[in-house]
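Here the structure comes first, spelled out in structure tokens, and everything after it is commentary.
The values are calculated or read from the model by the stated rules, or taken from the named source; none is laboratory data. In this text the structure is predicted, and so the values were computed from the model without any measurement. When we count neighbours, we look across all protein chains shown, and the Cβ atoms used for this are built from the backbone with ideal geometry, even at glycine.
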Amino acid sequence: MLKGAYTWSKSMDETDDDGWVGLTWNQPSQLSRNYALAGFDRTHVVQMGFLYDIPAGKGGTSPLDLVIKDWQINGIYSFYSGVPFTIAGDNTALDQRGGQQTIQQIAPINRVGDPGPDQVYYDPASFQQPGNQWGNTGRDFLRGPANYNLDANLFRGFPVGRYRVEFRLQAANLLNHVQWGNPVTGFTDPNFMKIRSFSGTYTPRRVQMGFRFEF
């Protein structure tokens, strides 16, 4: 069995929560800047689930058949785009009191590296401090790296009299793929635009074994 879903979407809002969360810009001249990509927006999401009953040994009665039959492999593969982020700018010269200062874009933004430890993801030379003006970049105008994950399980169930025993070998993040987060966004940070953190959903490969007794 193979089943899956692909979602192509775009989520926009003025703030990422309800209730008492305020807007990024409260000044009348800047209100329109609040409407931008949501911080949780992911353009592409792919989910694929699979289940395979291994046919080897089916119906056999030899010692080898008894060992290799009735095994099942199943799992879930996920791929998803990265989430947007904002780069703040220095507010010293502008000294505005009701909103967030953002960085000034001075050149086309180019991706210069792949996700990885201490890798520069976007070219830092594309930005500078805004000085005595509003920065021309907006809220959530850049996006972090995409990620993928594979969870897989190996099962075998067999009867014991009127009961049933099931052996399970389960692996989360089977490929041990590192899922990187967004780059460092502090412009004065020496690691600006380097990726030094993991995605919030990342866990290293974890394998566990268990038995299930059904009665």
Of the residues that make up the stretch 127-137, is at least one polar (S, T, N, Q), under 26 Å from the mean Cα position of the chain (by Cα) and crowded, with 17+ Cβ neighbours inside 10 Å?
yes
Qualifying position, being surrounded by 16 or more Cβ atoms within 10 Å (Cβ to Cβ), at pLDDT 95 or above, in contact with a Gly (Cβ under 7 Å, 6 or more places away or on another chain) and not hydroxyl-bearing (S, T, Y), among G75, G89, G49
G89
Pull up the stretch 114-145, narrow it to residues that are modelled with pLDDT of 95 or more and aliphatic (A, V, I, L, M), then point me to the one that is farthest from Q104 (Cα to Cα).
L142
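For the stretch 1-57, enumerate the residues that are acidic (D, E) and either in contact with a Ser or Thr (Cβ under 9 Å, 6 or more places away or on another chain) or within 19 Å of F141 (Cβ to Cβ) (or both).
Answer for the stretch 1-57, where residues must be acidic (D, E) and either in contact with a Ser or Thr (Cβ under 9 Å, 6 or more places away or on another chain) or within 19 Å of F141 (Cβ to Cβ) (or both): D13, E14, D16, D41.
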I want to confirm something. Restricting to the stretch 181-205 and keeping residues that are touching a strand residue (DSSP E or B) at 6+ places or on another chain (Cβ under 9 Å) and among the small types (G, A, S), which single residue is farthest from I87 (Cα to Cα)?
S199
Run R164 past the list (1) surrounded by 14 or more Cβ atoms within 10 Å (Cβ to Cβ); (2) in contact with a Gly (Cβ under 7 Å, 6 or more places away or on another chain) and report the number of the one that doesn't hold.
(1)
Identify, please: which residue in the stretch 52-72 is over 21 Å from K3 (Cβ atoms) and out of contact with any Gly (no Cβ under 8 Å at 6 or more places or on another chain) and is, among those, surrounded by the most Cβ atoms within 10 Å (Cβ to Cβ)?
G57
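Determine whether Y52 is closer than 30 Å to D114 by Cα and either in a strand (DSSP E or B) or among the aromatic types (F, W, Y) (or both).
Details: closer than 30 Å to D114 by Cα: no; either in a strand (DSSP E or B) or among the aromatic types (F, W, Y) (or both): yes.
When the stated conditions are applied, Y52 does not pass them.
Give the residue that is farthest from F79 (Cα to Cα), with candidates limited to residues of the stretch 12-44 that are assigned to a strand (DSSP E or B) and free of Cβ contacts under 8 Å to residues at least 40 places away in the same chain. Before you say what the answer is, go through the steps one by one.
Looking only at the stretch 12-44, we keep the residues that are assigned to a strand (DSSP E or B), and these are 12-13, 25, 36-37, 44.
Within this subset, residues satisfying the condition of being free of Cβ contacts under 8 Å to residues at least 40 places away in the same chain are 12-13.
Details: M12: 21, D13: 24 Å.
Ranking the candidates gives D13 first.
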Which of the residues belonging to the stretch 172-215 are of a type in the set (V, I, T) and outside any strand (DSSP E or B)?
V178, T185, T188, T201, T203
Report, ordered by the first and then the second residue, all pairs with beta carbons closer than 7 Å, sequence separation of six or more or different chains, a first member in the stretch 152-169 that is at positive phi, and a second member that is assigned to a strand (DSSP E or B).
none
Kindly check whether there is at least one residue in the stretch 153-160 that is of a type in the set (V, I, T) and at pLDDT below 95.
yes
Looking across the stretch 101-118 at residues that are part of a loop (DSSP other than H, G, I, E, B) and surrounded by 18 or more Cβ atoms within 10 Å (Cβ to Cβ), the single one that is nearest to the chain's Cα centre (by Cα) is P115
